[in-house]
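Novice: Just dropping this structure here.
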Amino acid sequence: MDPDQIDHDLKAVLISEDQIQAKIRELAAAVEKDYDGRDVLLVGVLKGAVMVMADFARALDRHVEMDWVAYSSYGSGTQSSGVVRILKDLDTDITGRDVLIVEDIIDTGLTLSWLVANLRSRGAASVEICTLLRKPEAVKMAVSVKYVGFDIPDEFVVGYGLDYGEKYRNLRCVGTLAPHVYSDAG
Ligand code: 5GP
């Protein structure tokens, strides 16, 4: 086995590449139907949502605009802190716009609730959320999530945009890491 091989570090594949792509097509079809005749601004949350955004936007058979926000809330560990620091704000004026936030994963939803409130306060006509993955804690969120790809167990996952110490974002599937990865990291 080649130790440089990225999937050598996986304990299990939770969601395969095919399952992800099929689900993204499903989500895109639902969004197309719901936003028929309306302009949508897709807002991706960097860096994790890069892969979802790229595939989701291309699965939409219509014009969309894309913008990005970045905030820090996680560091390189595996626990959500809920502390929000804006690293990159939107470039777009969202007054009167229909905004669809595109997310990779919702855990506690703390950061996302803050983002939704923030975008609403800027006068967006609507703010909805589309996430590929959702963990059980997220059901306690005050804001509702309109589009959910997969509900997953409360485990730390990597791949398809999701990192551990900035690695594994380029995996095509979503999986859990083998124990040796955490012990090697010290
Ligand atoms: P929340 O505020 O919902 O608790 O945390 C959201 C952010 O935490 C996600 O956008 C993601 O960056 C990170 N996160 C939450 N769960 C996981 C996970 O299982 N794996 C990885 N890599 N990041 C996660």
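The values are calculated or read from the model by the stated rules, or taken from the named source; none is laboratory data. Just so we're clear, the structure is a prediction, and the values are computed from it rather than from any experiment. Glycine gets a Cβ as well: all are built from the backbone with ideal geometry, and neighbour counts include every protein chain shown. Ligands, DNA and RNA are excluded from the accessible area calculation, which covers all protein heavy atoms including side chains. Shrake-Rupley method; radii C 1.70, N 1.55, O 1.52, S 1.80 Å.
Novice: Once the Cα gyration tensor of the stretch 121-186 is diagonalised, what are the square roots of 5 times its eigenvalues, in whole Å and ordered largest first, as equivalent ellipsoid semi-axes?
Specialist: One finds semi-axes of 29, 14, 12 Å for the stretch 121-186.
Novice: Counting heavy atoms of the protein chains only and a 1.4 Å probe, report the per residue accessible area for the stretch 81-145 as a whole number of Å².
Specialist: Details: 2960 Å² over 65 residues.
Each residue of the stretch 81-145 exposes 45 Å² on average to a 1.4 Å probe.
Novice: So what J values fall out for the stretch 22-36 if you push phi through Karplus, 6.51 cos²θ - 1.76 cosθ + 1.60 with θ = phi - 60°, rounded to Hz, Gly and Pro as x?
Specialist: These are the phi-based 3J(HN,Hα) values: 5, 5, 5, 4, 4, 4, 5, 5, 5, 5, 4, 5, 5, 9, 3 Hz.
Novice: For the chain, please report how many Lys pairs fall under 25 Å Cα to Cα, leaving out neighbours fewer than 8 apart on the same chain.
Specialist: Close lysine pairs under the 25 Å cut-off: 20.
Novice: Note the per residue figure in Å³ for the convex hull of the C-alpha positions in the chain.
Specialist: Residue-normalised Cα hull volume stands at 117 Å³.
Novice: Quick one: which residues, 5 or more positions from LEU14 or on another chain, have an amide H under 5 Å from its amide H? H modelled 1.01 Å from N in the peptide plane, none for Pro or chain starts.
Specialist: Result for LEU14 returns VAL174, GLY175, THR176.
Novice: Let me ask you something else. Of the heavy-atom accessible surface of the stretch 25-181 (probe 1.4 angstrom), what whole percent is carbon and sulfur?
Specialist: The value for the stretch 25-181 is 50 percent carbon and sulfur by accessible area.
Novice: Here's a follow-up. Considering only DSSP states other than H, G, I, E and B, which GluC sites (Glu not before Pro) in the stretch 86-182 qualify as loop sites with at most 12 other Cβ atoms within 10 Å?
Specialist: Counting only loop positions with at most 12 other Cβ atoms within 10 Å, the GluC sites (Glu not before Pro) in the stretch 86-182 are GLU166.
Novice: Then there's this: Give me the net charge of ASP39's neighbourhood, meaning all other residues with Cβ under 10 Å from the Cβ of ASP39; Lys, Arg count +1, Asp, Glu -1.
Specialist: On the way: positive: ARG38, ARG62, ARG97; negative: GLU65, ASP98.
So the environment of ASP39 carries a net charge of +1.
Novice: With θ set to phi - 60° and the Karplus curve 6.51 cos²θ - 1.76 cosθ + 1.60, what are the ³J(HN,Hα) couplings of the stretch 45-61 in order, to the nearest whole Hz, using x for Gly and Pro?
Specialist: Taking θ as phi minus 60°, the curve returns 9, 6, 9, x, 7, 4, 5, 4, 4, 4, 7, 5, 4, 6, 7, 7, 9 Hz for the stretch 45-61.
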